[in-house]
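The values are calculated or read from the model by the stated rules, or taken from the named source; none is laboratory data. Just so it is clear, the model here is predicted, and its values are computed rather than measured. Positions of Cβ are backbone-derived with ideal geometry, glycine not excepted, and every protein chain shown enters the neighbour counts. All accessible areas refer to the heavy atoms of the entire protein, side chains included, with ligands and DNA or RNA removed. Shrake-Rupley method; radii C 1.70, N 1.55, O 1.52, S 1.80 Å.
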Amino acid sequence: MTGAATVRPATSGTATASAVTLRGVSKSYGDTLAVSDLDLTVQRGEIVALIGPSGCGKSTLLRLVAGLERPDAGSVTVGDRVVAGPEWVPPERRRIGLVFQEHALFPHLTVADNIRFGLDGRSRSEQDARVREVLELVHLAHVVDRYPHELSGGEQQRVALARALAPRPEVVLLDEPFSSLDESLRARVRADTVEALHATGTTAILVTHDQTEALSIGDHVGVMRAGVVEQWGRPVEVFERPVSRFVASFMGDADFLPTSVTDSGLACELGLVTIRKDVADAEVVVRPHEVSLRLPGPGVTGAAAVVDRVEYQGPFILHTVRLASGRTIRSWQPHSVRYPVGTEVLASIAPGIVPSLLSGETALTHSPTQPDPTATPLPPDVGSVH
Ligand code: ADP
């Protein structure tokens, strides 16, 4: 992979601070390298969202942590125990809860019995207390005696989460858990899930292909591509400071404009981007919410552009405008602003925005003379991006 970032192991922090650690993990299926020399550290109590295009190795990574696959190389540690690598701990002894897209509840068992299933070896009264506790956690105490077919899809998914949490696992792995739910239900179940995970302090790794979901749920987000984590960071970092063109494009709508060095610094067609002058052939990444459009008038500056297309997108109106160079860029505008096709406007980068720069496929780090106001520094014990 050229110029892209890899996730390095955390170099500090105690063994007990991390819930899941992968070191140099690889897994192939025949000629397909599904996971490639991957390092990952998930801290206790955090929710990690793994996102990436279909086939990039997300599910394989979860299956390796769960023990449903054996790595060809490397090691997996869950809590303080090495569970794969020199040792092998079978899935049922890893203290891991699983929640998949298909709820996988036993249809012939009631909700209570489904949850009791993972609580073998405890007294009946202990089981009943735990069943009540986890159902209350997902706001479903009233369905305890129902069968799965008597529940909605969202309720089934919350029961699946309750079942996964019941044995107090070290980690819960969720593979596209909300994708079978319709949009309105998804938001609710998602919020309940995050609340339940945080309330119990449970570490979770969630696989999704939905950018908004990854950004809103994850304490950290891992953007995967071709078997590696290309960027690891806080949601704000992967969205606002993508390390590569791939991440910039994958995590949301993005347009790319070439820059040139001027007397004042690096400029693109929309204006000055940074005062640094030491970069040639860089491109600037602009997202639709970062582009402002105004009608020409006294004191209004910006690049001359003509509205090319107007698209109603519900909360926003997406304007595609053509710049003098012939390049197009996109801008989200509120309902109060709707410029008809053909309107002459002035386009600029919205105030306060410090756009990212790419050199080829790779992002340039920001100039120390222009501190990034949005950057959130990583705590020292969290894997850093290089
Ligand atoms: P994702 O979850 O990101 O869609 P997967 O982890 O399912 O990706 O798959 C990664 C790659 O490994 C893909 O190329 C997929 O076709 C391949 N793969 C996954 N599971 C198997 C399997 N059991 N046998 C053969 N190839 C597989």
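Which number do you get for Rg(Cα) / (2.2 N^0.38 Å) in the chain?
Taking the Cα Rg and dividing by 2.2 N^0.38 Å, one obtains 1.14.
Keeping the other protein chains in place, figure out the carbon and sulfur percent of the accessible area of the stretch 253-363, with a 1.4 Å probe.
The value for the stretch 253-363 is 54 percent carbon and sulfur by accessible area.
At 7 Å along Cα-to-Cβ for each site, give me the label-to-label distance between Ile275 and Thr212 in nm.
It is 3.9 nm.
Working with all protein chains in place, sort Asp182, Asp192 by solvent-accessible area computed with a 1.4 Å probe, largest first.
Asp182, Asp192
State the answer as a single residue: which of Val42, Ser216, Val307 lies farthest towards the positive end of the charge dipole of the chain, with beta carbon charges of +1 for Lys and Arg and -1 for Asp and Glu, about the Cα centre.
It is Val42.
Could you state the per residue volume, in Å³, of the convex hull enclosing the Cα atoms of the stretch 71-116?
Convex hull volume per residue, Cα atoms: 113 Å³.
Expressed in nm to one decimal, what extension gain is obtained for the pair Glu311 and Glu150 from 0.36 nm per residue of sequence separation less their Cα-Cα distance?
Value of the extension gain: 53.8 nm.
Could you derive backbone 3J(HN,Hα) for the stretch 126-143 from the dihedral phi with the Karplus parameters 6.51, -1.76 and 1.60 (θ = phi - 60°), listing whole Hz in sequence and x where the residue is Gly or Pro?
5, 4, 4, 5, 5, 4, 4, 4, 6, 5, 5, 4, 9, 6, 10, 4, 6, 9
Using a 1.4 Å probe on the protein chains only, how many percent of the accessible area of the stretch 5-242 belongs to carbon and sulfur?
Carbon-and-sulfur percentage of accessible area, whole number: 50.
Give me the net charge for the shell around Ile317: Cβ to Cβ below 9 angstrom, other residues only, Lys and Arg +1, Asp and Glu -1.
0
Could you tell me the center-to-center distance, by alpha carbons, between the stretch 151-227 and the stretch 326-360 in angstrom?
Going from one Cα centre to the other spans 34 Å.
Would you be so kind as to identify which of Ser179, Ser54, His142 lies farthest towards the positive end of the dipole of the chain, taking Lys and Arg as +1 and Asp and Glu as -1 on Cβ and the Cα centre as origin?
His142
Could you tell me which of rounded, prolate or oblate describes the stretch 44-142, using a ≥ b ≥ c as the square roots of the eigenvalues of the alpha-carbon gyration tensor, with rounded for a/c under 1.5 and, failing that, prolate when a/b is larger than b/c and oblate otherwise?
prolate
So how far, in whole Å, is the C-alpha centre of the stretch 66-100 from the one of the stretch 279-308?
Measuring centre to centre over Cα atoms gives 50 Å.
For the chain, with every protein chain kept in place, what is the accessible area per residue (1.4 Å probe, Å²)?
Here the residues of the chain average 45 Å² of exposed surface.
Taking the C-alpha atoms of the stretch 253-363, how large are the radius of gyration and the largest Cα-Cα span, Dmax, in Å?
Spelled out, the Cα radius of gyration and Dmax of the stretch 253-363 are 14.0, 42 Å.
Using +1 on the beta carbon of Lys and Arg, -1 on that of Asp and Glu, and nothing else charged, what's the dipole of the stretch 253-363 about the Cα centre, debye to 20?
320
Give the percent of DSSP beta bridges with both residues in the chain that are antiparallel, rounded to the nearest 5.
DSSP beta bridges in the chain are roughly 75 percent antiparallel.
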